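**Student:** This is the structure I want to talk about, given as structure tokens.
The values are calculated or read from the model by the stated rules, or taken from the named source; none is laboratory data. On a predicted model such as this, the values are computed, not experimentally measured, just so you know. Positions of Cβ are generated from backbone atoms using ideal geometry, with glycine treated the same way; all protein chains shown enter the neighbour counts.
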Amino acid sequence: MKNGWFITGTDTGVGKTYFTTALLRHLRAQGTDAVGFKPICCGTREDSEAICAASGDAVKIDEVNPVWLHPPAAPYSASIIEERPIDLARIRDAFAKLRERHACVIVEGAGGWLVPIHRDFSVADLATEFALSVVVVVQNRLGCLNHSLLTAESIRARGLPCAGFVLNHGLSAPTRDPVAAAMQAVATTTNRAVLEDVSGLPILCELDAEGDLPASLLEILSR
């Protein structure tokens, strides 16, 4: 069992928390002492609360989420609005303590991979410090190939292992335009094969409304 993974996404709202909480429940059901970590939360604290709940009684909300900014914006933008710089030392200390006390820490980033935390420090920089294998959550829709491949390329350029992609089918809104619907249908049925072929990375799993993870996921993740 690895000591954790960093969960990022191709964008905000693509299902990072959905996958993070499902993975935590999956790990804990198998007897693994796994907890979640949401370094920065902007807007409501619902994502952090969901991660805390999926971690069982092992952690408190302020351990899961050491920095909470109220504006519903990117971390750097929210910190400018609040006139409160994000305390990186606090994040680093909280992560180190979780890692000392628990066998596995699942870290969920904020927004996408290169979202700024400070003017010259991004989510990608934080992930590089944590040195965990990265999982990329992708909303399976028309247009996701570019975002997915760019994200994977940037992860690899930083010398981090990219475990692969998670395709989320549960978020695409239906359209009444028959042409757009046809294009979307073609994309969603071919994205998996194209992503695997072009990136050389596996599709770790595909999420639907049920949120169930395949029993083989941990074996795939740990390779």
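**Student:** Kindly establish whether THR175 is of a type in the set (Ser, Thr, Tyr), more than 27 Å from ARG25 (Cα to Cα) and at pLDDT 75 or above.
**Tutor:** no
**Student:** Sort out which residues of segment 97-109 are free of Cβ contacts under 8 Å to residues at least 40 places away in the same chain and closer than 21 Å to HIS26 by Cα, and write them in order of number.
**Tutor:** Within segment 97-109, just ARG101 meets the criteria.
**Student:** Can you tell me which residue among ASP57, ASP47, ASP11 is part of a loop (DSSP other than H, G, I, E, B) and touching a residue at least 60 places away in the same chain (Cβ under 8 Å)?
**Tutor:** Values: ASP57 fails: touching a residue at least 60 places away in the same chain (Cβ under 8 Å); ASP47 fails: part of a loop (DSSP other than H, G, I, E, B).
Going through ASP57, ASP47, ASP11 in turn, the sole match is ASP11.
**Student:** Okay, moving on. When you look at THR8, is it under 20 Å from VAL136 (Cβ atoms) and surrounded by fewer than 22 Cβ atoms within 10 Å (Cβ to Cβ), yes or no?
**Tutor:** So THR8 does not fit the description; no.
**Student:** Looking for whichever is surrounded by fewer than 22 Cβ atoms within 10 Å (Cβ to Cβ), farther than 21 Å from SER154 by Cβ and without any contact (Cβ under 8 Å) to a residue 60 or more places away in the chain here; the options are ALA89, ALA131. Which one fits?
**Tutor:** Details: ALA131 fails: farther than 21 Å from SER154 by Cβ.
Testing whether each residue is surrounded by fewer than 22 Cβ atoms within 10 Å (Cβ to Cβ), farther than 21 Å from SER154 by Cβ and without any contact (Cβ under 8 Å) to a residue 60 or more places away in the chain leaves just ALA89.
**Student:** Check off (1) more than 25 Å from LEU167 (Cα to Cα); (2) assigned to a loop (DSSP other than H, G, I, E, B) for THR32 and give me the number that stays unchecked.
**Tutor:** So THR32 meets the others, but not (1).
**Student:** Follow-up. Any residue that is surrounded by fewer than 22 Cβ atoms within 10 Å (Cβ to Cβ), over 20 Å from ALA152 (Cα atoms) and touching a residue at least 24 places away in the same chain (Cβ under 8 Å) - is there at least one of those in segment 110-119?
**Tutor:** yes
**Student:** Which of (1) at pLDDT below 95; (2) closer than 19 Å to GLY9 by Cβ is the odd one out, the single condition SER77 does not satisfy?
**Tutor:** (1) is the only condition that SER77 fails.
**Student:** List pairs: first in segment 186-202 and farther than 15 Å from ASN168 by Cα, second part of a helix (DSSP H, G or I) and at pLDDT 95 or above, Cβ under 8 Å, 6+ apart or cross-chain?
**Tutor:** VAL198/LEU149; SER199/SER148; SER199/LEU149; SER199/ALA152; LEU201/ALA152
**Student:** Output the residues belonging to segment 25-66 that are aliphatic (A, V, I, L, M) and surrounded by 22 or more Cβ atoms within 10 Å (Cβ to Cβ).
**Tutor:** Matches in segment 25-66: LEU27, ALA34, VAL35, ILE40, ILE51, ALA54, VAL64.
**Student:** Kindly indicate whether any position in segment 90-105 is more than 15 Å from the chain's Cα centre (by Cα), β-branched (Val, Ile, Thr) and at pLDDT 95 or above. Please lay out each step first, then the result.
**Tutor:** So the first thing to find is which residues in segment 90-105 are more than 15 Å from the chain's Cα centre (by Cα), and the list is 90-104.
Pick out the ones that are also β-branched (Val, Ile, Thr) and you get 91.
From what is left, the residues that are at pLDDT 95 or above are 91.
Yes - at least one qualifying residue is present in segment 90-105.
**Student:** Determine if segment 71-88 includes at least one residue that is touching an Asp or Glu at 6+ places or on another chain (Cβ under 7 Å) and either outside any helix (DSSP H, G or I) or at negative phi (or both).
**Tutor:** yes
**Student:** On the given criteria, is ILE40 touching a residue at least 60 places away in the same chain (Cβ under 8 Å), within 13 Å of GLU108 (Cβ to Cβ) and under 19 Å from the mean Cα position of the chain (by Cα)?
**Tutor:** Values: touching a residue at least 60 places away in the same chain (Cβ under 8 Å): yes; within 13 Å of GLU108 (Cβ to Cβ): yes; under 19 Å from the mean Cα position of the chain (by Cα): yes.
Yes, satisfied.
**Student:** On to the next question. Test LYS2 against the stated conditions and say whether it is surrounded by fewer than 22 Cβ atoms within 10 Å (Cβ to Cβ), modelled with pLDDT of 95 or more and either in contact with a strand residue (DSSP E or B) (Cβ under 7 Å, 6 or more places away or on another chain) or assigned to a helix (DSSP H, G or I) (or both).
**Tutor:** So LYS2 fails the test.
**Student:** Looking only at segment 35-81, which residues are closer than 14 Å to THR20 by Cα and acidic (Asp, Glu)?
**Tutor:** GLU46, ASP47, GLU49
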